[in-house]
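Where a number appears in this text, it was derived from the coordinates with a stated rule and is not lab data. All figures in this text were calculated on a predicted structure; none of them were measured in a lab. Glycine also receives a Cβ, built like all others from the backbone with ideal geometry; neighbour counts cover every protein chain displayed.
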Amino acid sequence: MPKAVAKFRHHSNFKRDGRHSTDERHDFVFHAYGDMSREIKMAFRPFHRPKDPQDS
C-alpha cells in the first residue's frame, strides 16, 4: 500500500493530502487539468479480495 500512496502523491495534479489517512483509507486532493483552483477530492480505500477457487 505505501507504493500506491506514493504514486498518488507523485502525480502531476496532486495538491495535498486530504483529511483522512489511516490503514483503511487515504484521502488526496488533486487539481483539474488546466485549472489549478478546481479541486478534485479522492479517497483510496484498498481491500483484499481473495482469489475464487473456481477461477483456477
5 Å binning of all Cα-Cα separations within the chain, expressed as whole percents from 0 upward = 4, 17, 24, 18, 12, 9, 6, 5, 3, 1
Restricting to Cα pairs under 8 Å and 6 or more apart, the percent relative contact order of the chain works out to 24 percent
Let me know the charge dipole size of the chain about its Cα centre in debye, to the nearest 20, where only the beta-carbon of Lys, Arg (+1) and Asp, Glu (-1) is charged.
-> 160 debye
